[in-house]
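J.: This is the structure, below, for whatever I ask next.
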Amino acid sequence: MKKIFLCIITSFVASNLFAQDNSINNSNAPVENKNIDSLLPRFCIDVNLKLGIQNQNLTTINFLNAFTSPTNATISNPNYTNGSTVGFDIQGGYFFGKKRNWGIGTGFMYLSQMGTLTMDNYKIQYQSSSAVAPVFTQIITANQSIKETINTTNMNIPLVVKYKHQLGKKLGIAVDAGILYNMQIQNNYSTNASFDYEAIIPEKINDAFVYNLLITKAEISKTDPNNVAKDFLLQHSLGYNVGLGVKPTSTSGTVSYTSGSIGLLLKPSLSYRVSKSVYLDLGVYFISQTFKNSANNDYMLTNKLGDYSSMMKSASSVTQNSMGLNLGARFYFYPKDRDKDGIPDRKDECPDVFGLKQFNGCPDTDGDGIPDKNDSCPTEFGLAKFNGCPDRDGDGIIDKFDRCPDQPGLAKFKGCPDKDGDGIPDIDDKCPDVFGLAQFNGCPDTDGDGIPDTEDSCPNVKGPLSNHGCPIEAPKPKPQVIEKIDISSPILFDVNKTTVQEVSKPILQEAAAEIKENKNAVIEVHGYTDTTGTKAYNQALSVRRAQAVKNELTKMGVNPKKVKTIGHGYKDPVAPNSTPEGRLQNRRGVMKLNHNKK
């Protein structure tokens, strides 16, 4: 694994140097490859998954320090094997400088580590004491190699220097190197330990030691080989600290180191661009950490039956190294850019409008080189001296204030010309080519009759307005024409009305005159309606209209007995009732004069 690790680092360095040489020496290298890092945002988030191996070197205290008069001790140093690491880290990064190759990062790292701690031999003989034997010799022997399965929770805060360099549009290299500040290191262990507890107990008679009670497998096997286990149980019941194949009362527990550490982290990797904001990393990592522990000199792996203290507690310091593969992803966070013009809002003077970098994010709609925010005429190509407004006719008056923007003119006439020089600008001059008077909108009055020539039918001769400027001649008398009124002309009515209109009065007067001249004459008045309304209503209305005509004739001196009224409703229309004009003609009264009645 170490060889692979070194090979990858070597290849990264070689790739970086090669890429730098190309960018300097190869004139054909794409220009965009030289500055692609500077185009990436400064802020990023790194998420990494770590898979690897790890080992731990334990520095332990002297195991004999806690024992009184130890002899015949055979105790192996613990050996850590089969170490593995699975973990992840999340970092926030910031790159500085114009090229943005170097940066710093920090975040959180979690490692779950596993391994096996083994002590191959454990046997010790020492002086001990108990209630039934104030002074005796205790012998403790492990039945097999003592193994502890260690599950370590390792949490750190990384503080690293970051380096990145894009070799092209897709591939690049990235390196993190720095320190780890350990927040917590906790070891959960489980053990398969099993011990034989034997004793040599001196016996007194009359205050003198006369023999030793040997509670050992070897001694009991000599005298009672078939009941070794029973004899040990009997002696234990009498209060002696003896037993065979005794397992710890608790086979698992937790050991936390009492002080954190400052470790080292190195992570080189190859990066691959997936999208504008996402890059994948594939590389290796190396972590080295040293932890201190307050291991006491009174440490005992076991003493009484059933007690057990993890081998991890015997360590005064632990050096932990981990290395392996790193699989990661880097997410770049582009600055907020509401108008999507590629200029971050904090630098964009027009953050809500798509603009140009040369104008700090502001647009130039008319393309005149003046940003809209400074352009008084943002939609028209203009001149800088007029704040971006145009002057098409070049008269020095900008178009939006020029009444005649396509003709050079005078400032006093708001940019309009006065060709005839009469003081009236051509745009207001009805006679722009002839000197005229303001009262006639620039037109002349040659004959001085108060009527401009353009309206004077006789411009060279005075005349009144009533005669279009021409002199009035005495009118010739016209012959008088007397027209006879036809009394059979219809008398028209308004909608739903029975009032005789003034226009029909002359017809009635003519009828009244004729009937007065002829004593035998009588008049029939026929009333009609249009089709608006019901049949019954129109019938009554036609009668009332005929009666209204009779009433008018009576007022004019006609004997009412000579006037007969007849209502026809909407019968006998003289015009279509489908149009307003036709219905008007059908709302009528008609008089018929009869001279033959005697």
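The values are calculated or read from the model by the stated rules, or taken from the named source; none is laboratory data. Quick caveat, the model's predicted, so the values are computed rather than measured. Positions of Cβ are generated from backbone atoms using ideal geometry, with glycine treated the same way; all protein chains shown enter the neighbour counts.
J.: Which of the residues spanning region 294-306 are touching a Ser or Thr at 6+ places or on another chain (Cβ under 8 Å), surrounded by fewer than 16 Cβ atoms within 10 Å (Cβ to Cβ) and more than 19 Å from ASN187 (Cα to Cα)?
T.: GLY306
J.: Out of contact with any Gly (no Cβ under 8 Å at 6 or more places or on another chain) and in the same structural domain as ALA142 (by TED's automatic domain parsing): does that describe THR290?
T.: no
J.: Within region 379-386, is there a residue that is in contact with a Cys (Cβ under 7 Å, 6 or more places away or on another chain) and in contact (Cβ under 8 Å) with a residue 24 or more places away in the chain?
T.: no
J.: When you look at GLY115, is it in the same structural domain as ASN55 (by TED's automatic domain parsing), within 15 Å of PRO41 (Cβ to Cβ) and part of a strand (DSSP E or B), yes or no?
T.: It is false that GLY115 is in the same structural domain as ASN55 (by TED's automatic domain parsing), within 15 Å of PRO41 (Cβ to Cβ) and part of a strand (DSSP E or B).
J.: Taking the condition on the phi < 0 side of the Ramachandran plot and either crowded, with 20+ Cβ neighbours inside 10 Å or over 60 Å from the mean Cα position of the chain (by Cα) (or both), does THR153 pass?
T.: Criteria not met by THR153.
J.: Please identify the pairs in which a residue from region 61-84 that is of a type in the set (S, T, N, Q) has its Cβ atom under 8 Å from the Cβ atom of a residue that is modelled with pLDDT under 90, counting only partners at least 6 apart or on another chain.
T.: ASN62/ASN297; ASN65/ASN297; ASN65/ASP298
J.: Write out, first by first residue and then by second, each pair whose Cβ atoms fall under 9 Å of each other, whose residues are 6+ apart or on separate chains, and whose first residue, in region 349-378, is farther than 27 Å from PRO335 by Cα while the second is part of a strand (DSSP E or B) and not charged (D, E, K, R).
T.: Pairs found: ASP368/LEU383; ASP375/CYS389; SER376/CYS389; CYS377/CYS389.
J.: Starting from region 28-55, take each residue that is at pLDDT below 90 and list its partners that are assigned to a helix (DSSP H, G or I), counting only C-beta distances under 8 angstrom and pairs at least six apart or across chains.
T.: From residues that are at pLDDT below 90, the pairs are ALA29/ASN22; ALA29/SER23; ASN33/SER23; LYS34/SER23.
J.: Give region 246-283 a look and list any residue that's surrounded by fewer than 20 Cβ atoms within 10 Å (Cβ to Cβ), under 30 Å from ASN296 (Cβ atoms) and in contact with a Leu (Cβ under 9 Å, 6 or more places away or on another chain), or say none.
T.: Answer for region 246-283, where residues must be surrounded by fewer than 20 Cβ atoms within 10 Å (Cβ to Cβ), under 30 Å from ASN296 (Cβ atoms) and in contact with a Leu (Cβ under 9 Å, 6 or more places away or on another chain): THR249, ILE262, LEU264.
J.: Now for a different question. Can you find, within region 256-307, the residue that is modelled with the lowest pLDDT among those that are among the basic types (Lys, Arg) and under 20 Å from GLY93 (Cα atoms)?
T.: LYS276
J.: Looking at THR249, THR254, which one is without any contact (Cβ under 8 Å) to a residue 60 or more places away in the chain and either part of a loop (DSSP other than H, G, I, E, B) or closer than 27 Å to SER84 by Cβ (or both)?
T.: Result: THR249 is the single residue among THR249, THR254 that is without any contact (Cβ under 8 Å) to a residue 60 or more places away in the chain and either part of a loop (DSSP other than H, G, I, E, B) or closer than 27 Å to SER84 by Cβ (or both).
J.: Taking interchain pairs and intrachain pairs at least six residues apart, which have beta carbon atoms under 6 angstrom, with the first residue in region 177-202 and closer than 30 Å to LYS164 by Cα and the second modelled with pLDDT under 95 and in a loop (DSSP other than H, G, I, E, B)?
T.: Qualifying pairs under 6 Å: ASN182/GLY260; ASN182/SER261.
J.: Can you tell which of PHE381, PHE386, PHE401 is buried (at least 18 other Cβ atoms within 10 Å of the Cβ) and either hydrophobic (A, V, I, L, M, F, W, C) or in contact with a Gly (Cβ under 9 Å, 6 or more places away or on another chain) (or both)?
T.: Step by step, each of PHE381, PHE386, PHE401 is checked, and only PHE386 is buried (at least 18 other Cβ atoms within 10 Å of the Cβ) and either hydrophobic (A, V, I, L, M, F, W, C) or in contact with a Gly (Cβ under 9 Å, 6 or more places away or on another chain) (or both).
J.: Cβ-Cβ distance below 6 Å, separation of 6 or more or different chains: which pairs start in region 462-474 with a residue that is under 10 Å from ILE451 (Cβ atoms) and of a type in the set (Lys, Arg) and end on one that is modelled with pLDDT of 80 or more and surrounded by 11 or more Cβ atoms within 10 Å (Cβ to Cβ)?
T.: Pairs that qualify, where the first residue is under 10 Å from ILE451 (Cβ atoms) and of a type in the set (Lys, Arg) and the partner is modelled with pLDDT of 80 or more and surrounded by 11 or more Cβ atoms within 10 Å (Cβ to Cβ), are LYS462/ASP447; LYS462/ASP449.
J.: Please indicate, with yes or no, whether at least one residue in region 156-172 is of a type in the set (Lys, Arg), touching a residue at least 12 places away in the same chain (Cβ under 8 Å) and not in a strand (DSSP E or B).
T.: Yes, region 156-172 has at least one match.
J.: Another question, if that's okay. State whether the residues of region 375-389 include one that is within 23 Å of ASP337 (Cβ to Cβ), modelled with pLDDT of 90 or more and not acidic (Asp, Glu).
T.: Yes, that holds for at least one residue.
J.: Name the residue that is nearest to the chain's Cα centre (by Cα), counting only residues in region 282-315 that are without any contact (Cβ under 8 Å) to a residue 60 or more places away in the chain and under 29 Å from LEU49 (Cβ atoms).
T.: LEU282
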